[in-house]
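Remarks on the structure that follows.
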Amino acid sequence: MKNYTIVTMPGDGIGKIVLKEAVRVLEKAGLKADFVYGDIGWEFWCKEGNPLPERTIKLIEKYKLGLFGAITSKPKKAAEEELDPQLKGKGYVYFSPIVSMRQMFELDLCVRPSRSFEGNPLNFVKRNPDGTVIEPSIDAVIFRQGTEGSYAGVEWTNPPDEVINVFKTHKKFKSFEKVKKEDIAISTRIVTREATRRVIKEAFEYAKKFGYKSVTVAEKPNVLRETSGMFEEEAKNISKDYREIALWSVNIDAIMMWLTKNPEDYGVFVCENLFGDILSDGFAGLVGGLGFACSGNIGKEYAVFEPTHGSAPKYEKLNPSIVNPIAMILSSAMLCDHIGEIEIANKIKNAIKEVVKEGKVRTYDMLRLPGGPNAIEQGAASTQEMTDAILEKL
C-alpha cells in the first residue's frame, strides 16, 4: 500500500471533534497515512482577515488530498463586525473557504451519496393503505457542479454603473430601472458548457460503474431557460453514449415533493451548485439527517472530503461530546474510494452498517433526543462511544 499524506482541516465548532474521530477510524482500518494540520475557519477570518490562509493553500497544493470538518459562515455585516479592530475598514470581505477551495483547486465535482442503513430509526418510512409500514431502501447519489452556478460569487450590492448598464441591455431589467442603485442587490448564476459537460459525463460514468439505471437532471428549465436549459441540452447529448441508462428530467421544486413519495425510485442526480445543495440536504433527511451526510469535492488533480453538516458551535464545548461522527467517517471512506483503497473504504462502511443495524450504540439524533448536556443521561452514546463501536467492528 502507498503511504499517503492527508491535509486535515478541522475548521470550526464540531468540525474539530468529528475530524479526530475519522482519523482514528482510518488508522484502525489500516490506511497508511500521515496527517498534517491545516488552519481554516472563522478564527482565522477574525484574526487575519482570511478564513483560508495561504499556508493552508500551500499544503493542499503540495499533498492534493484533504479532509475537512466544518465551517462557520455569517452574513457580510456580521462578519465585518467580528474582524480584529486593526483589520476593519481595510477592504476585507468574507468568502466561504470551502467555496474558495472548490474554485481555487477546480474541485468541480461535488459528490453527495445518500444511502439508508438498515436499522436506523431515522430512516424514511411509508404507510400502506392497510396500515402496515414499509421502509424503502434509498440509494441516491447527487452530482453537484461545484464551482459555478449560483455560488460563483459574482454579485453586488449597490452595483457599479457599468454593471447596471449591462443589465439594462436585457429587456427583463426594465422593471428595475427606477429602483435606486443602493437598493439593488444582484447575484448571478453562471453556467459554462465545458463544466456542465464534465459533471454530467461523470454522473453517467458513475451510474455505469455502479449499476444505476437512471441519471436525473434536477433543474428548472421552464423558468431558468438559459442556464438550466444548457444542463438539459448537454444531458440529452451525453446520454446518447449511455443507451442502457435512462435520462430523466425533473424540476427542482417537483423533486423535493417526489423524494418524499418514492425516493427509492431514483439513483444518480446531476444539477447546478445551489440546486444540488438543496437536493442533497433533502435526501439526507430521508436517511438519518446530516449526521449521515458525507460528500467529496473532486477535481482532476485535487480532492477534499467533508461532511455536509455545519459547525454547530453550541455543541463544541459539551463534555462528553454528543455529536454524531458518522458523516465525517463516511467522508473519510469516500476519500479511500477516491484513492483506490477500496477494501479499506468497504471495511469502514460495513463497520458502520453493522453498528447501526445492531442498534446498541446510538447518538442523540438517532434517539430523537434534544441536543444538549442531558442527552447522555437519557441514553445517548457520546461521539467517542460511537467511534469506539465502529472501531470494535473493524
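For the reader, a short list of remarks on this structure follows.
- Residue within the stretch 293-312 that is assigned to a helix (DSSP H, G or I) and within 21 Å of the chain's Cα centre (by Cα) present: no
- Selection status of VAL250, of a type in the set (Val, Ile, Thr), part of a strand (DSSP E or B) and either outside the structural domain of ARG193 (by TED's automatic domain parsing) or touching a Lys or Arg at 6+ places or on another chain (Cβ under 9 Å) (or both): no
- Considered as a group, the residues in the stretch 91-124 that are of a type in the set (Lys, Arg) and modelled with pLDDT of 95 or more include one that is farthest from the chain's Cα centre (by Cα), and that residue is ARG115.
- ASN297 being closer than 19 Å to PRO97 by Cα and outside the structural domain of THR8 (by TED's automatic domain parsing): no
- Every condition in (1) touching a Lys or Arg at 6+ places or on another chain (Cβ under 6 Å); (2) surrounded by fewer than 19 Cβ atoms within 10 Å (Cβ to Cβ) holds for SER280 except the one numbered (2).
- Enumeration of residues in the stretch 218-247 that are part of a loop (DSSP other than H, G, I, E, B) and either over 17 Å from VAL141 (Cβ atoms) or free of Cβ contacts under 8 Å to residues at least 24 places away in the same chain (or both): LYS220, PRO221, ASN222, VAL223, LEU224, ARG225, GLU226, LYS240, ASP241, ARG243, GLU244
- When the test is whether a residue is touching a helix residue (DSSP H, G or I) at 6+ places or on another chain (Cβ under 8 Å), in contact (Cβ under 8 Å) with a residue 60 or more places away in the chain and of a type in the set (Gly, Ala, Ser), SER150 passes it.
- ILE138 of a type in the set (A, V, I, L, M), touching a Lys or Arg at 6+ places or on another chain (Cβ under 9 Å), closer than 19 Å to TYR266 by Cβ and surrounded by 13 or more Cβ atoms within 10 Å (Cβ to Cβ): yes
- Qualifying positions in the stretch 123-154 - of a type in the set (A, V, I, L, M, F, W, C) and closer than 24 Å to LYS213 by Cα: PHE124, VAL125, ILE134, ILE138, ALA140, VAL141, ILE142, PHE143
- Any hit, the stretch 315-330, residues being closer than 26 Å to PRO97 by Cα, of a type in the set (Val, Ile, Thr) and not in a loop (DSSP other than H, G, I, E, B): yes
- Among the residues listed as ILE138, ILE134, ILE142, the single one being farther than 30 Å from GLU61 by Cβ and in contact (Cβ under 8 Å) with a residue 24 or more places away in the chain: ILE138
Quick grid of which residues meet (1) surrounded by 12 or more Cβ atoms within 10 Å (Cβ to Cβ); (2) small (Gly, Ala, Ser):
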site: THR192; (1), (2): yes, no
site: ALA195; (1), (2): yes, yes
site: PHE204; (1), (2): yes, no
site: TYR212; (1), (2): yes, no
site: VAL215; (1), (2): yes, no
site: ALA218; (1), (2): yes, yes
site: ASN222; (1), (2): no, no
site: GLU233; (1), (2): yes, no
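- Total residues in the stretch 331-383, condition free of Cβ contacts under 8 Å to residues at least 40 places away in the same chain and in a helix (DSSP H, G or I): 9
The values are calculated or read from the model by the stated rules, or taken from the named source; none is laboratory data. These numbers were taken from a predicted model, which means no experiment stands behind them. Glycine also receives a Cβ, built like all others from the backbone with ideal geometry; neighbour counts cover every protein chain displayed.
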